[in-house]
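Structure record follows, encoded as structure tokens.
The values are calculated or read from the model by the stated rules, or taken from the named source; none is laboratory data. For clarity, every value in this text was computed on a predicted model and none was experimentally measured. Here the Cβ is made from the backbone with ideal geometry for all residues, glycine too, and neighbour counts use every protein chain on show.
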Amino acid sequence: MSFEMVIQQDKIADNCLPHVIVLMGPTASGKSRVALEIARQFPVEIVSVDSAQVYRCMDIGTAKPDRETLERVPHHLINLIDPTERYSAAQFRRDALDVMHAVSQRGKIPLLVGGTMLYFQTLFDGLSELPEADNNVRAAIEDEAKTLGWRALHKKLQALDAESAMRIKPTDSQRIQRALEICILTGRTMSEILKMPRKTGLPFRMIKLAFQPSDRIQLHQRIAMRFEHMLRAGLIEEVSALRQQFDLDAELPAMRCVGYRQTWLYLEKQIGLEALHDQGIAATRQLAKRQLTWLRSIIRKYEISTFDCLADDLDYQVCNYLHVSGINGKERY
């Protein structure tokens, strides 16, 4: 068989795969609003790619869709776990693939929407062969941290896996714990395992879209308005209720989410209301900056089509692009 025939067969095989739409971008870029417009015009179900929306009872600070929206458009991978629990990128990949297959089987198109770039990267690139979490090992590491402190465990990690320790901050307890856990369970370093070939390839035709702002100042203004709205909507009361309902501490991943960490400090009387406002906005800006840095680094690698999230006709641009890309809509735009 000639090379040209092989290429042609691959194209035919690709065309038989179900579609998936991927919509990524920084916080406050309008992803959720555009996703709902896509859902109005196309037969999609939304799959959240958001590491904060997986937590139950954390609604205001994660900008979760309201009940009416959830009843109107199916959403997946939100409200999965309690704030006391942990959720990994590996778990996301497994759950996302299961949901994507199920949605496709129903004749609908999975629409992946979010800003957790690690989750997108895990989905696109596949997973390294890292071991599953071990509760006993984790408990032992946490006990040691209570005695010595996380900075001491970071020094221990430097001796075992200097490369990983360089990437992990001495205050990042979650990643220090995971890197040490891998060393204990496998006898190898995390950096060594991450360099090994990954299992990649997804049985879908993925249309990847990314939102970027043409004016960073306007995005910052949106971020400020968004966080101020969360405060008015009851973010402080939400975190206070969480503290009463669950056995939480400041180091849990849920309480390290942007907005929740600053509100925790306020409730602990470590900062005042004005500082909560200013630090919450500043932390959200930093999150958006990291998200945009990641996007710029992968746009060419993954063949991602970009849109100015500040454009007045953003809905039209995105939906028209999907029509041109061969996605069959519910109605004409």
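Annotation: residue 87 fulfils all but one of (1) surrounded by 16 or more Cβ atoms within 10 Å (Cβ to Cβ); (2) part of a loop (DSSP other than H, G, I, E, B); (3) more than 15 Å from the chain's Cα centre (by Cα); the unmet one is (3).
Residues checked against (1) assigned by TED's automatic domain parsing to the domain that holds residue 261; (2) over 23 Å from residue 235 (Cα atoms):
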| site | (1), (2) |
| --- | --- |
| 59 | yes, no |
| 67 | yes, no |
| 77 | yes, no |
| 92 | yes, yes |
| 150 | no, yes |
| 162 | no, yes |
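The set of residues in region 93-111 being in contact with a Leu (Cβ under 7 Å, 6 or more places away or on another chain) and either within 26 Å of residue 243 (Cα to Cα) or at pLDDT 95 or above (or both) consists of 95, 96, 99, 111. The sole residue among 310, 267, 273, 248 that is surrounded by fewer than 13 Cβ atoms within 10 Å (Cβ to Cβ) and at pLDDT 95 or above is 273.
Here residue 179 passes the criteria (1) outside the structural domain of residue 33 (by TED's automatic domain parsing); (2) touching a residue at least 24 places away in the same chain (Cβ under 8 Å); (3) under 28 Å from residue 24 (Cβ atoms) except the one numbered (2).
Does residue 262 satisfy the condition of being of a type outside the set (Val, Ile, Thr), farther than 30 Å from residue 311 by Cα and either modelled with pLDDT of 95 or more or in the same structural domain as residue 58 (by TED's automatic domain parsing) (or both)? In short, yes. State whether the residues of region 207-217 include one that is more than 30 Å from residue 137 (Cα to Cα), β-branched (Val, Ile, Thr) and under 23 Å from the mean Cα position of the chain (by Cα). So far as region 207-217 goes, yes, one or more of its residues are more than 30 Å from residue 137 (Cα to Cα), β-branched (Val, Ile, Thr) and under 23 Å from the mean Cα position of the chain (by Cα).
Please find, within region 45-58, the residue that is surrounded by the most Cβ atoms within 10 Å (Cβ to Cβ) out of those that are in a loop (DSSP other than H, G, I, E, B) and in contact with a helix residue (DSSP H, G or I) (Cβ under 7 Å, 6 or more places away or on another chain). Break it down into steps so the answer makes sense when it comes.
Let us first name the residues in region 45-58 that are in a loop (DSSP other than H, G, I, E, B), namely 50-54, 56-58.
Within this subset, residues satisfying the condition of being in contact with a helix residue (DSSP H, G or I) (Cβ under 7 Å, 6 or more places away or on another chain) are 51, 57-58.
Numbers: 51: 21, 57: 13, 58: 24.
Across region 45-58, the extreme among qualifying residues is 58.
Residue 283 - would you say it is assigned to a helix (DSSP H, G or I), within 30 Å of residue 130 (Cβ to Cβ) and touching a Pro at 6+ places or on another chain (Cβ under 7 Å)?
Spelling it out, it is not the case that residue 283 is assigned to a helix (DSSP H, G or I), within 30 Å of residue 130 (Cβ to Cβ) and touching a Pro at 6+ places or on another chain (Cβ under 7 Å).
Yes or no: region 123-136 includes at least one residue that is under 24 Å from residue 58 (Cα atoms), among the charged types (D, E, K, R) and either in contact (Cβ under 8 Å) with a residue 60 or more places away in the chain or not assigned by TED's automatic domain parsing to the domain that holds residue 244 (or both). No. Scanning region 203-218 for any residue that is modelled with pLDDT under 95 and farther than 30 Å from residue 325 by Cα turns up nothing.
Conditions tested, residue by residue: (1) assigned to a helix (DSSP H, G or I); (2) crowded, with 17+ Cβ neighbours inside 10 Å.
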residue: 180; (1), (2): yes, yes
residue: 191; (1), (2): yes, no
residue: 209; (1), (2): no, yes
residue: 242; (1), (2): yes, yes
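Restricting attention to region 123-152, the residues that are under 28 Å from the mean Cα position of the chain (by Cα) and part of a loop (DSSP other than H, G, I, E, B) total 8. Checking 80, 23 one by one, the residue that is within 24 Å of residue 210 (Cβ to Cβ) and out of contact with any Pro (no Cβ under 6 Å at 6 or more places or on another chain) is 23 and no other. Just one of the listed residues (249, 278) is over 27 Å from residue 86 (Cα atoms), among the acidic types (Asp, Glu) and assigned by TED's automatic domain parsing to the domain that holds residue 112, and it is 278. Check off (1) in a loop (DSSP other than H, G, I, E, B); (2) free of Cβ contacts under 8 Å to residues at least 12 places away in the same chain for residue 217 and give me the number that stays unchecked. The single condition residue 217 does not satisfy is (1).
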